[in-house]
1. Of all residues in the range 1-41 being among the small types (Gly, Ala, Ser) and under 21 Å from Ala80 (Cα atoms), which is modelled with the lowest pLDDT?
2. Given the structure, is Arg70 over 19 Å from Asp157 (Cβ atoms) and in a helix (DSSP H, G or I)?
3. Considering only residues that are buried (at least 17 other Cβ atoms within 10 Å of the Cβ), aliphatic (A, V, I, L, M) and either under 21 Å from Arg169 (Cβ atoms) or modelled with pLDDT of 95 or more (or both), which ones fall in the range 122-153?
4. Name the residues in the range 155-166 that are under 11 Å from the mean Cα position of the chain (by Cα) and either of a type in the set (Asp, Glu) or modelled with pLDDT under 95 (or both), would you?
5. Of everything in the range 206-248 that's buried (at least 19 other Cβ atoms within 10 Å of the Cβ) and out of contact with any Leu (no Cβ under 9 Å at 6 or more places or on another chain), which residue is nearest to Val111 (Cα to Cα)?
6. State the number of residues belonging to the range 1-25 that are touching a strand residue (DSSP E or B) at 6+ places or on another chain (Cβ under 8 Å) and assigned to a loop (DSSP other than H, G, I, E, B).
7. Take Val6 and tell me if it is of a type in the set (Val, Ile, Thr), surrounded by 15 or more Cβ atoms within 10 Å (Cβ to Cβ) and within 10 Å of Asp153 (Cβ to Cβ).
8. Would you pick out the residues in the range 219-256 that are among the aromatic types (Phe, Trp, Tyr) and over 15 Å from the mean Cα position of the chain (by Cα)?
Amino acid sequence: MSGWDVYRAAEELLAAERQRRDRGPITEQWPELDLATAYRVQDELVHRKVAAGERIVGVKLGLTSRAKQRRMGVHSPLTAWLTDAMVLPAGEPVPLGELIHPRVEPEIVFVLGERLAGPGVTAASALAAVRSVHAGLEIIDSRYTDFRFTLPDVVADNASSARLVVGGRALAPGELDLALEACLLEVDGQVVDSATGAAVQGHPAEALALAANSLAERGLALEAGWLVLTGGMTDAVPLGPGTCVSGHFTHLGSVSVQGG
């Protein structure tokens with residue numbers, strides 16, 4: 001027996017987050033950790049955050065782009081939870097003193113106008129549930145050293161969730177072509193990457209449908225008013241003190257974060 005279970009894994013990951021220390025993958029000590037159990041760890045981790053006063057405000061998709069999958073050495077997307085403690089007001093510096101080794105990636109963000117429950121959700125039916133579309137930046141911060149993990153490891157770690165910023169411009173889904181919506185990623189005034197919405201599962205609505213159907217397998221649904229981060233459009237870039245990272249979108253406007 002390894003001495004590991006869902007509760008120990010959740011506590012280890014929360015302790016690493018609180019103490020700002022990284023660690024090796026849990027699967028190195030608990031090789032039996034599979035994907036289904038990893039989602040139970042994730043749920044337990046977020047349950048403890050809610051018990052401590054945080055509130056679930058949405059869901060994120062992770063590893064939806066080929067760029068992210070190549071970088072992380074995995075081959076399938078995943079879902080994770082967002083809480084109100086992760087949301088940064090626009091213009092507020094990212095609190096680097098609370099994080100380990102943050103990175104930033106641009107995202108297309110949905111705000112749901114109605115509940116979306118699987119199974120059987122399609123991209124079209126998913127998009128019909130969306131109230132507004134926004135530009136966003138997600139600040140990820142793996143609790144694993146050098147962002148090195150297996151798929152069960154990163155699922156257990158709530159997909160490296162840390163902070164996020166949502167742009168103020170809101171458009172209805174029908175006002176733009178989400179597959180063609182382009183983003184330039186800029187670091188300290190220099191463009192370092194670019195992508196379109198097609199980088200996210202071929203279309204961000206496909207990622208939204210995937211989230212609804214994946215949650216349905218666990219008896220869960222996406223709720224009205226929730227945010228859905230559809231996945232990093234480009235590879236993530238490191239965020240250091242004073243570093244400014246911006247995403248400039250064709251129609252959704254610009255959104256920026258700075259390391260503080």
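The values are calculated or read from the model by the stated rules, or taken from the named source; none is laboratory data. This structure is a prediction, so every number in the text was calculated from the model and none was measured. Backbone-built Cβ (ideal geometry, glycine too); neighbour counts: all protein chains shown.
1. Once the filter is applied, the top-ranked residue is Ala36.
2. Details: over 19 Å from Asp157 (Cβ atoms): yes; in a helix (DSSP H, G or I): yes.
In short, yes.
3. Passing the criteria: Ala123, Ala126, Leu127, Ala129, Val130, Val133, Ala135, Leu137, Ile139, Ile140.
4. Answer for the range 155-166, where residues must be under 11 Å from the mean Cα position of the chain (by Cα) and either of a type in the set (Asp, Glu) or modelled with pLDDT under 95 (or both): there is none.
5. Glu206
6. Filtering the range 1-25 down to residues touching a strand residue (DSSP E or B) at 6+ places or on another chain (Cβ under 8 Å) leaves 12, 16, 22-25.
Among the residues that remain, those that are also assigned to a loop (DSSP other than H, G, I, E, B) are: 22, 24-25.
Residues in the range 1-25 being touching a strand residue (DSSP E or B) at 6+ places or on another chain (Cβ under 8 Å) and assigned to a loop (DSSP other than H, G, I, E, B): 3 in total.
7. No.
8. Step one: of the range 219-256, the residues among the aromatic types (Phe, Trp, Tyr) are 226, 249.
Selection gives Phe249 alone.
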